[in-house]
Amino acid sequence: MGGWVYTHLNGNITGADVGDSLGDNRPKAAVGGQNILVIGSDSRKGLGDAYGKNLTTMQSDTLMLLHTGGDGKWATVVSFPRDSWVQIPACDRGNGTQSTAHHFKINEAFAIGGSTGDTAKAAACAIKTVETNTHVRIDHFLIVDFRGFTGMVNALGGVQVCPKQAIHDKKAHLDLKAGCQIVKDEKALGYVRARYSIGDGSDIGRIGRQQEFMQSLATRAKSKLYNPTALYGFLNSATKSLTADPGLAGLKQLYSLATSVKGIATDRISFLTVPNYPRERDVPTDKANVAWQLPAAQDLFTALNHDREMTKADLKKATVHLPAPASTVHVTVLNGTGTKGEALKVADQLRALGFQITSTGNARATAGKTTLTYAQGQSEQAQALAARLPGLTPTLSRQAAAGAVTLTIGPDLPALSG
């Protein structure tokens, strides 16, 4: 019986090899621990049109990065708002063609790669996008779809949620009274998907509810999975809903991961969200997306790369001061590379981020290094631009034009973030 169960559960898991789709230009591996990208897929297979009609591409509803500390004593789960305005790199669509690099919502990456129904290509584009914008190397990935979510919850007899106010969300097919209660079936699914009828209707609020649900799910699992029937039901539903890279696409590998996380004290598992703010601050016409708050977001990613634990309190300290809106920063871009057209190219990139370009031109003299100078009273504006250019420190200059910052680009120009 035990051998049959193992073989059955192991066979439920779908493997997807991203192979060469990620290319060679990838970040270095973290100094310790491992990074696992968890993708919540909007697959409607087996659900009819209950949660969306006429979907022609694969959809990514939730995107999280799990980092397990190298010492096995802590873990960090980072949620990426689906409305994050980021760089989407060129990706293989799975039909022999490549998409063009551009800026858009982060969840579009999964849809681009999966435009022909190829799960591996969908995962590869999502991974490339996360790596491009975080400079964190992804070691493994897991895709979890709708089909297994309710089964896992139901195997535990439901999960407790405690909404502070009643929820009536037609899009999520959800009606809940206020207060603590056990939810399962479509109510559980609706709770983690509800967005427009709760709080400010943003994806950020939904992320908070999803993180609370995950904590409640973990607590419930610890108290219920001693029962063989509950354990089998949970694992059967979980494995049926999983697609993973070859390094995780097996019961033994997943059990090892689950065991390592299970041994971590609850208060050492931090659920964080990439620091962000409404992109409307930078680009007044954009009322639909969020921009990552730099340098706080990059500090978070650097901590993961250095296998350093970061808590909610740590992140809160780093996000106290918002950068000056890009729309208030006037920039003069000077070309010190010796290559024609570089100033115009960089100016276009900055303009797309919301910065105001005062003028472009050639530098009279340069030491071959990129510099950022500013006039008296322009420190905050200079810092806002410097946050987009990792490693570049702005300096006060008496020669800088009043009311503007001057970016003199050299061959060492850092890649623009955002």
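Tell me whether the stretch 7-20 contains one or more residues that are modelled with pLDDT of 95 or more and either over 18 Å from Ala111 (Cα atoms) or assigned to a strand (DSSP E or B) (or both). The answer is no, given that none of the residues of the stretch 7-20 is modelled with pLDDT of 95 or more and either over 18 Å from Ala111 (Cα atoms) or assigned to a strand (DSSP E or B) (or both).
If you take the residues of the stretch 207-226 that are modelled with pLDDT under 75 and charged (D, E, K, R), which of them is surrounded by the most Cβ atoms within 10 Å (Cβ to Cβ)? Step by step, filter the stretch 207-226, then rank; the result is Lys224.
For the stretch 251-288, a residue qualifies if it is touching a helix residue (DSSP H, G or I) at 6+ places or on another chain (Cβ under 6 Å), in contact (Cβ under 8 Å) with a residue 60 or more places away in the chain and part of a loop (DSSP other than H, G, I, E, B), and the qualifying residues are Val274, Asp282, Asp286. Given the residues Gly250, Gly263, Gly338, which is the only one that is within 24 Å of Thr373 (Cβ to Cβ), of a type outside the set (D, E, K, R) and more than 23 Å from the chain's Cα centre (by Cα)? So the residue among Gly250, Gly263, Gly338 that is within 24 Å of Thr373 (Cβ to Cβ), of a type outside the set (D, E, K, R) and more than 23 Å from the chain's Cα centre (by Cα) is Gly338. Looking only at the stretch 244-267, count how many residues are among the polar types (S, T, N, Q) and within 22 Å of Gly3 (Cα to Cα). Here the count works out to 3.
Does Arg398 satisfy the criteria of being over 30 Å from the mean Cα position of the chain (by Cα), among the basic types (Lys, Arg) and either surrounded by 21 or more Cβ atoms within 10 Å (Cβ to Cβ) or not in a strand (DSSP E or B) (or both)? So Arg398 fits the description; yes. Exactly one residue among Gln253, Gln181 is over 24 Å from Ile127 (Cα atoms) and either modelled with pLDDT of 80 or more or surrounded by 15 or more Cβ atoms within 10 Å (Cβ to Cβ) (or both), and that residue is Gln181.
Of all residues in the stretch 152-177, those satisfying the criterion of being in contact (Cβ under 8 Å) with a residue 60 or more places away in the chain and part of a strand (DSSP E or B) are Val159, Gln160.
A single entry from Thr229, Thr243, Thr239 fulfils the requirement of being within 20 Å of His8 (Cβ to Cβ), outside any loop (DSSP other than H, G, I, E, B), polar (S, T, N, Q) and at pLDDT 85 or above: Thr243. Just the residues that are within 30 Å of Lys73 (Cβ to Cβ), out of contact with any helix residue (DSSP H, G or I) (no Cβ under 7 Å at 6 or more places or on another chain) and among the small types (Gly, Ala, Ser), please, taken from the stretch 303-357. Scanning the stretch 303-357 gives Ala303, Ala313.
The values are calculated or read from the model by the stated rules, or taken from the named source; none is laboratory data. Please read all numbers here as calculations on a predicted model, not as lab measurements. Here the Cβ is made from the backbone with ideal geometry for all residues, glycine too, and neighbour counts use every protein chain on show.
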